[in-house]
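Working notes for the structure below.
The values are calculated or read from the model by the stated rules, or taken from the named source; none is laboratory data. This one's a predicted model, so the numbers in the text were calculated from it and none came from an experiment. All Cβ positions, glycine included, derive from the backbone under ideal geometry; neighbour counts span all protein chains shown.
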Amino acid sequence: MGLLDRAGARLTAHPEEAEILVVNTCSFIDTAKQESVDTILEMARFKTSGSARKLIVAGCLVERYRDEIRKSIPEVDAVVGTGELESILEAAGLSRPAPMVSTSPFTILTTAQAAEVRPGLESRAATHKHADNSNRASARSLREPGEVSGHDFSRADNSIELTGALAPEVKFRAEGNERERQGRFSRNDWQGATHLLPTYLYDESTPRFLTTPKSSAYIKIAEGCDHPCTFCVIPNLRGKFRSRRFESVVAEAHQLVARGVQEITLIGQDTTCYGEDLGLKDGLATLLDALAQIEGLRWLRFLYAYPNRITGRLLDTIARHDNICKYLDVPLQHASPAVLKTMKRGAGADIFLKTLEKVRTAVPGIALRTSFIVGFPGESLRDFELLEEFIGKAKFDWLGVFSYSDEEGSAAFPLDHKVPKRTIESRKRRLMKLQQSISKRAKQQWIGRELVLLAEGESEETPLLWEARTQFHAPEIDGKVYLNDFADLGPSVTTLEPGRFYRAQITEAHDYDVVARVLSGPL
Ligand code: SF4
């Protein structure tokens with residue numbers, strides 16, 4: 001959106017008004033694919049009933065079904081994969097925007113400058129043709145010397161020019177290179193998918209158009225994933241793990257705070273690996289330390305920690321800074337050692353309980369979020385009961401449960417002993433019910449607590465209630481705090497300011513949500 005906006009496009013949320021429609025897709029599980037396809041078909045109708053001239057499909061579905069989309073949905077004019085972000089301009093018929101004037105306090109080299117000062121570093125800022133030899137050459141050059149690629153780079157050309165930003169300075173982790181040799185990222189099972197893995201990384205000079213409320217923003221600090229989880233095709237879609245440059249992330253955070261952002265959430269498929277490819281030790285902790293110094297940044301958090309990468313240094317960093325939210329999202333996926341072994345994640349309930357104890361001791365009061373998959377092939381009733389017992393002991397603040405989705409291209413796809421759909425759904429319901437009772441009891445303990453809240457806006461249900469979050473709620477995903485009483489702010493105050501912080505006291509608790517009275521603010 002930032003690129004389109006900078007190139008002069010006027011963005012609209014009303015498809016019937018748009019000349020160019022862009023559907024950004026997801027394809028990591030069945031339901032996501034279905035939703036993506038439904039949306040493409042829904043948007044395609046505006047080419048006949050609205051003013052749309054072009055329909056562009058972007059994102060992960062393109063990485064998986066590039067040819068299939070074009071063949072099956074002729075209304076689609078162009079496809080843009082996750083590694084070709086900047087080709088959206090060509091697809092939309094717009095020219096490239098002028099470079100942004102940096103407001104960064106750091107001297108950040110452009111890719112071309114970096115190539116000049118680093119002998120041997122190939123400039124990847126040059127224009128690349130989507131599927132031509134130059135792109136193949138640059139993709140090959142990203143490999144270690146002597147490394148043999150398992151890819152065949154043949155693909156159908158869709159004749160969109162790809163300009164700019166193949167990731168500068170990309171150097172993968174040895175683990176990622178090894179996994180590639182073992183076939184981890186193979187797309188051979190996906191008919192019509194290109195074999196070329198994305199290497200793209202945005203940086204602080206990439207224009208962004210924020211769709212989040214003005215006080216909050218996400219920063220993606222790394223892309224791709226080298227883990228071997230057998231149920232997961234995200235690495236096949238997103239490529240090998242690669243971190244954004246440290247200075248680039250810090251510069252972007254400064255820019256966002258200067259634009260009024262007060263809450264930053266760091267994301268990546270595995271944020272706890274951040275910096276390993278750049279040679280940084282404890283990269284995430286070091287990054288958090290640097291970002292926490294930014295004046296005006298009130299809340300800083302990161303999502304998606306890998307369980308065995310939660311180091312003492314990381315926990316110490318969370319504990320040490322007031323503006324780092326006492327919040328940890330660590331997807332555990334299961335608790336039965338047998339299932340975790342087949343998932344190629346390892347560990348089990350006992351180890352996880354020790355990890356959680358370590359986390360809670362190092363950061364008292366921390367909110368813990370996790371997610372599990374039920375119905376992985378071979379999951380026995382005993383495995384499921386182990387998971388249930390674990391959830392009962394671990395007492396997570398927030399918990400999500402996914403039904404196993406059998407994905408072609410994943411290592412779990414050929415496994416026997418698939419769990420029937422009905423069993424999967426009933427196990428999912430059982431876990432959610434269990435968590436509901438855990439959450440209900442925990443939220444009762446919140447009553448009487450005084451907390452700082454970020455007011456988000458009037459509730460969609462009624463204008464008499466406002467919605468807010470504490471540091472223990474990540475944006476969009478966790479429960480809510482409803483504000484129903486502003487009397488302490490004075491008789492003239494009948495409303496709050498969205499995006500501002502207030503002090504409030506919790507007065508009621510429900511299963512996942514709580515109700516609070518505003519005491520003072522905006523802070
Ligand atoms: S760590 Fe997450 S993204 Fe990476 S392979 Fe495992 S589940 Fe997929």
Review point. If the Cβ limit is 7 Å and pairs must be 6+ apart or interchain, which residue in the stretch 209-229 that is farther than 18 Å from residue 251 by Cα pairs with which residue that is within 16 Å of the ligand (Cβ to nearest atom) and among the polar types (S, T, N, Q)?
Key: 224/269; 225/269
Exercise for review: Output the residues belonging to the stretch 219-228 that are surrounded by fewer than 19 Cβ atoms within 10 Å (Cβ to Cβ) and either among the hydrophobic types (A, V, I, L, M, F, W, C) or away from the ligand (no atom under 13 Å from the Cβ) (or both).
Suggested key: 220
Study note, to complete from the structure: Note: among 438, 506, 477, just one is crowded, with 16+ Cβ neighbours inside 10 Å, β-branched (Val, Ile, Thr) and closer than 25 Å to residue 373 by Cβ, namely 438
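Could you please find all residues in the stretch 234-258 being assigned to a loop (DSSP other than H, G, I, E, B) and more than 9 Å from the ligand (Cβ to nearest atom)? Give the derivation first.
We begin by selecting, within the stretch 234-258, every residue assigned to a loop (DSSP other than H, G, I, E, B); these are 239-241, 244-245.
Result: 239, 240, 244, 245.
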Practice item. Pull up the stretch 197-213, narrow it to residues that are buried (at least 22 other Cβ atoms within 10 Å of the Cβ) and hydrophobic (A, V, I, L, M, F, W, C), then point me to the one that is nearest to the chain's Cα centre (by Cα). Key: 201
Practice item. Could you tell me whether residue 284 is crowded, with 23+ Cβ neighbours inside 10 Å and either more than 15 Å from the ligand (Cβ to nearest atom) or at pLDDT below 95 (or both)? Key: no
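Could you list, in sequence order, the residues of the stretch 216-251 that are of a type in the set (Ser, Thr, Tyr) and in contact with a strand residue (DSSP E or B) (Cβ under 6 Å, 6 or more places away or on another chain)? Step through it out loud before you land on a result.
Quick first cut of the stretch 216-251, residues of a type in the set (Ser, Thr, Tyr) only: 216, 218, 230, 243, 248.
Matches in the stretch 216-251: 216, 218, 243.
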Review point. Just one of 360, 369 is of a type outside the set (A, V, I, L, M, F, W, C) and farther than 25 Å from residue 269 by Cβ; which is it?
Key: 360
Review point. Can you name the condition, by its number, that residue 231 falls short on among (1) over 15 Å from the mean Cα position of the chain (by Cα); (2) more than 14 Å from the ligand (Cβ to nearest atom); (3) more than 27 Å from residue 473 (Cα to Cα)?
Key: (2)
Point to revise | Failed item in (1) in a strand (DSSP E or B); (2) under 27 Å from residue 451 (Cβ atoms), with residue 297 passing the rest | key: (1)
Check your understanding: Where residues in the stretch 331-344 are away from the ligand (no atom under 11 Å from the Cβ) and not charged (D, E, K, R), which of them is nearest to residue 373 (Cα to Cα)?
Key -> 334
